[in-house]
1. Within the stretch 396-404, does at least one residue satisfy the condition of being part of a helix (DSSP H, G or I), assigned by TED's automatic domain parsing to the domain that holds Phe34 and in contact (Cβ under 8 Å) with a residue 12 or more places away in the chain?
2. Output the residue which, of all residues in the stretch 70-97 that are modelled with pLDDT of 90 or more and out of contact with any strand residue (DSSP E or B) (no Cβ under 8 Å at 6 or more places or on another chain), is surrounded by the most Cβ atoms within 10 Å (Cβ to Cβ).
3. Return the only residue of Arg219, Arg190, Arg171 being buried (at least 17 other Cβ atoms within 10 Å of the Cβ), at pLDDT 80 or above and touching a Phe, Trp or Tyr at 6+ places or on another chain (Cβ under 9 Å).
4. For the stretch 424-440, which residues satisfy the criterion of being in a helix (DSSP H, G or I) and over 19 Å from the mean Cα position of the chain (by Cα)?
5. Hey, could you check the stretch 45-69 for residues that are more than 18 Å from the chain's Cα centre (by Cα) and of a type in the set (Gly, Ala, Ser) and say which is modelled with the highest pLDDT?
6. Would you check which residues across the stretch 416-438 are more than 24 Å from Leu397 (Cβ to Cβ) and surrounded by fewer than 19 Cβ atoms within 10 Å (Cβ to Cβ) and list them?
7. Please find, within the stretch 271-325, the residue that is surrounded by the fewest Cβ atoms within 10 Å (Cβ to Cβ) out of those that are basic (Lys, Arg) and not in a loop (DSSP other than H, G, I, E, B).
Amino acid sequence: KEGTMGLLATSLFQPVQEWIKAELGTPSDSAVAFRFDRFAMALADADFKLTGQPQDGYSPELAVERFSDLVNRMPLGVESGQDITFSEADIDTAYYYRLLSPAQPLLPPSLDAAARRQRIETFSALKAQGLRLWEQLGNASVTGQLIELRPATAQPVNWYDKACADGWKSRTIHVRGGSQAQPADELRWRLRPDDVHVGSSLGLAPDELRHIPPLELTRRAALIQRGELTPPRLVPTPDGPTVGVPPKLPIEILPKLGGLPLSERLLAKRRLLEAAQTKPATTTNDTTITFDACLVRISRPWLFWPLLDDTTWYVPGVSREGVTRGAATGALTWLPTAFLAIRNLKVTTQWSQQDVTTSQSATNLGPFSVTSQIVDGVLANPGLQVIGWQLQRLPALPPNDAPAAAPPRHYAVVKGDTLARIALTFYGDRERWPEIAEANNLTDTDKLEEGQQLTIP
């Protein structure tokens, strides 16, 4: 029976969590959490080299852009388990459009005239400093894939360089086997989606997939996940969900290397793998997991903490904690402050025959990205991958309820905008786009012009 034997996920999670707390010097009462990345993120040297210029080696400017893109996503599911995934909402746009830009000083009726002037002056100076940082720290994208880049900085800086040992340490973890492992504590394989599953995720019949380049399929998956493309519904046939079913798609359908920004590849991977089949690792033998590890710290110099820690402001039309409350897609409750990168992964045990067979069609084992099957008792992946995140809980933002009858906000459309994307930026919920359409009397909601002024209710 599935779930009666297997490797205990807790015996992997706990030592990694304790090691990271020790590395960061995290106090036991801090509002922080460590979580594995549900899908892991496989990276390659090509991600940090300019297209067409591999002979020039790593590009420091491109590395900053890739890193900033990688850490600019809102985590989902922090409260509910040992692993998380990431939403399609960006941290920097949420910070600017939902907090910094619309923030206003709170002026309770109890304040006299002098106190009101002092509150306005103090807060205005605070906000002005935050806005200056935002404007000063905006960079142009070296790839042209991002409209504008708000760079984050990594420590160690060269964490991605396989020739650099700074910050890297060898780790060995022993994962126990359990004859009565419960489903909630099983280390599980995630299986490669077949063409029927991929076609269903992308709104394409399986026989259409062979005629579309993998990069275009990846881009389509990202657009659907972001809400910028609605896939058509497939019509089932009497013989099954579709006709003309070819063999399984190769693993190249999964986004691994170049062609799209990291955030787009991650959205595509989530779209393709979220509902993929999983199976428990059925060996009950104790297992040795070895890898080289680097804990990469994240700094966002454009994020103005004095404003976030201040409690004298509000956002028009938003209730207290309206940006940081809950587990919705656009809730900025937790901020990634570090991630765990690994390479030279080896998982060694006396595998069951079922595991050996399963490894041939797996994309992940627990938090680890899998690129090859078990050979001579070893599951190996020498490549670079991000498998976990350290997260900090943000304070209640905005810190106060908005007074009644707050004025509306305004927004200038930029190239590539859709109403769904604008709704995600301002509300954290792309499904609220009809509110914007109604407030602006838009009859053709698919056509927005660059520079067009919109009222955001």
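1. no
2. By that ranking, first place goes to Tyr95.
3. Arg190
4. Glu431, Arg432, Trp433, Pro434, Glu435, Ile436, Ala437, Glu438, Ala439
5. Once the filter is applied, the top-ranked residue is Ser59.
6. Residues satisfying the conditions are Gly416, Pro434, Ala437, Glu438.
7. If we take residues in the stretch 271-325 being basic (Lys, Arg) and not in a loop (DSSP other than H, G, I, E, B), then Arg297 is surrounded by the fewest Cβ atoms within 10 Å (Cβ to Cβ).
Per-residue answers, yes or no, for (1) at pLDDT 90 or above; (2) buried (at least 21 other Cβ atoms within 10 Å of the Cβ); (3) farther than 30 Å from Asp194 by Cβ:
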| position | (1), (2), (3) |
| --- | --- |
| Thr357 | yes, no, no |
| Ile374 | yes, yes, no |
| Gln392 | yes, no, yes |
| Pro399 | yes, no, yes |
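The values are calculated or read from the model by the stated rules, or taken from the named source; none is laboratory data. Worth saying up front: this structure is predicted, and the values here are computed from it rather than measured. Backbone-built Cβ (ideal geometry, glycine too); neighbour counts: all protein chains shown.
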